[in-house]
Every structure is written in structure tokens, then in C-alpha cells.
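The values are calculated or read from the model by the stated rules, or taken from the named source; none is laboratory data. Everything numeric in this text was worked out from a predicted model, so none of it was measured. As a convention, Cβ positions derive from the backbone with ideal geometry for all residues, glycine included, and neighbour counts pool all protein chains shown. Side chains are part of the model used for accessible areas, which takes the heavy atoms of the whole protein and leaves out ligands, DNA and RNA. Shrake-Rupley method; radii C 1.70, N 1.55, O 1.52, S 1.80 Å.
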Amino acid sequence: MTTLPTPPRPAFDAELRAGLAVVGGMFPPTITPDLIDFMRVSYASPPLDDAFLERRITRQDHTIASHDGFPTLVSVLRHADASGVVPAVLYAHSGGLMFGDRFSGIDLVLDWVDQLGAALVTVEYRLAPEYPDPHAREDMYAALLWLAEHADALNVRADRILVAGASAGGGLAAGVALAARDRNGPALCGQVLDYPMLDDRCATPSTSQFDGVGVWDRVSNVTGWDALLGAARGTAHVSPYAAPSRATDLANLPPAFVDVGAAEIFRDEAIDYARAIWTAGGDAELHVWSGAFHACDIFAPHTAVSRSMIAARNAWVEKTLAD
């Protein structure tokens, strides 16, 4: 079988490029089904008790019932000095829908707890392929319902709930926002979609530009979507709550913050999603970071590009939670 050449692609930022060799040992650019078990070990979150202690963040774990009665673990993080009723962020972790846990990549959003005073609610949603669609998205939606219903007991503002996620979690966050609108669910004040995984069809130009390079290439993306959707991937039988790029109506959604690297496969679907929100008359702030590979702010947070990404995101979240 002839292998097609990879089309030209935008260059990685020089500072980020230097870090890719280190990243590859933990997160190989190409993830095939036989690597899922390895990734579940490699991408598992480290112990965070010291980080919580240093930031003076408290943690309470709760077990809630998902749509099918499955016991789903959620953690509520608050600053020790937080008093009164505070805004809340419902957070979906990254991990390609197949690996990761509710604390994966969370150090990037702990600023929202200890600097912005928000409560962060992070969810141990079920992973594919053992739990295909709709489990992950319905676990997240059940957590939103639980958060809104228990707002008083949790000392959070029911009118200031934001949904956020990175990569696969960004796609889940977008799906939660769509479902909340369509089901007359809890009102959301915003949605943060960090380099979101939105489109199971894997047909955008940027998808084909990154094979065997960077973080999360075309093959990895197919692996993730196949794990979630099986034979339905790419067909007309995929819910927009699972693959939000499938949504044909993006009106009446909460304001969105969308950011993505120029040098990653999700670039075009993220841009298209923001454009569709604008076309429907909605509010979206879009950032496309030159030279940025996928999730560079997780893997290389010390770099200039990553620091700019984090600062822009935090500024938007602060403004949105304060309104």
C-alpha cells in the first residue's frame, strides 16, 4: 500500500520544538489501540496533595448517579479562604476519551480556584472503549445537573456556572453546553474550549497535516473516535453532543472561549466552531496560537507561547465569572 506524503504544515515554535523530544517519551505522537493501556499509566495524574496544600486548596469527593445510575466520582476544589457563595467551573479532563483521570492537566486551571475564588468541580467520567458513547458525555451532564441542584449546599452560585475542558474534555464541555440548551438544563455563563476535540469525521485540512509528529496526530484522533463511536464514526448516526461539530444550530449558547494551536490537528475544527457560533449570532473569543502544538500549555507551560495561552484564558474566565 502506498503511503501518501504528509502535506506541508506550519512550523512549530522554536522554543516549543525543543521540548517535543521530552514530551514524546510520555505521550507518543501516534497512539494506536495497542497503546491505550500504556497511556493510562503514562498520562495518569501525579499525586496532587502537595500542590493543593501549597495553594491552600481543599478537596471534597462526592459520588453521584449518572444517567444510568452508574456511580460517578466528582471532586470539588475550593480555596481555604473562600467564603460565601462563589462561582463554579465544571471541568472535563483531557486524554483522548480513552485515558486520563479527573485531575489530568488540572494544574493549569487551579489558578481559577486560588486566584479567582471559583469552586472547581472535576469529573471521573467513563472512558472508551470499555464505555462507548454516550457514557462520557452523560456522566458530564449528570455532574452539571448535580452541581446545579446542590448549589446551595456547595455554596456556589447557580447563575455563575461555567463549563470547561481541554482536548477531549473541550469537546465534552461543548457537548454539555449544547445539551443544557436543548434539554432546558442549567443556565451556563460560559464555556471554555481548549484545543477541543469536536469532529469525528477527521476530514479537515489540519487533520491531514500532522502524522507522526507533535502531540495527538491524525492516527491518534481516529483511534480516539473509533474507541468512542465504533462503526458509527463518520456516519450520520453520531450525536452532536458527542461530536459538537455535527451541530447545525449553534444559536443561544453561552459565550465561548476557544483556543487552539496553529500547528495541531484541531486547528480547523476549532476555528470552524467559533465561526459557526458567530454566524448564529453568538459570542466567541478565538485564539489561534502561532507555532503551538496540541496541549503545549500542559506539556511545556514554561514557554512563552504557553504562558500567553494561559494568561489569555485566565483573563477571559475572570471576566466571565465576575459579570
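Considering (1) open to solvent by 40 Å² or more (accessible area, probe 1.4 Å); (2) modelled with pLDDT of 95 or more, the lone condition that residue 6 does not fulfil carries the number (2). Just so you know, in the range 63-88 the residues that are of a type outside the set (A, V, I, L, M) and in contact with a helix residue (DSSP H, G or I) (Cβ under 8 Å, 6 or more places away or on another chain) include one that is surrounded by the fewest Cβ atoms within 10 Å (Cβ to Cβ), and it is 68.
Number of residues in the range 143-157 that are open to solvent by less than 70 Å² (accessible area, probe 1.4 Å) and either assigned to a strand (DSSP E or B) or of a type in the set (Asp, Glu) (or both) equals 1. Residue by residue through the range 195-232, note down the ones that are of a type outside the set (A, V, I, L, M), open to solvent by less than 10 Å² (accessible area, probe 1.4 Å), modelled with pLDDT of 95 or more and touching an Asp or Glu at 6+ places or on another chain (Cβ under 6 Å). Answer for the range 195-232, where residues must be of a type outside the set (A, V, I, L, M), open to solvent by less than 10 Å² (accessible area, probe 1.4 Å), modelled with pLDDT of 95 or more and touching an Asp or Glu at 6+ places or on another chain (Cβ under 6 Å): 206, 217, 225.
Considering (1) out of contact with any strand residue (DSSP E or B) (no Cβ under 6 Å at 6 or more places or on another chain); (2) within 24 Å of residue 103 (Cα to Cα), the lone condition that residue 305 does not fulfil carries the number (1). Restricting 18, 44, 82 to residues that are at pLDDT below 95 and part of a helix (DSSP H, G or I) narrows the list to 18. A single entry from 239, 306 fulfils the requirement of being touching a residue at least 12 places away in the same chain (Cβ under 8 Å), open to solvent by less than 10 Å² (accessible area, probe 1.4 Å) and more than 14 Å from residue 170 (Cβ to Cβ): 306.
Residues in the range 108-142 that are open to solvent by 10 Å² or more (accessible area, probe 1.4 Å), touching a residue at least 60 places away in the same chain (Cβ under 8 Å) and more than 18 Å from residue 38 (Cα to Cα): 108, 111, 115, 116, 132, 133, 134, 135, 137, 138, 141, 142.
Scoring residue 23 on the criteria (1) in a strand (DSSP E or B); (2) surrounded by 19 or more Cβ atoms within 10 Å (Cβ to Cβ) leaves a single failure, condition (1).
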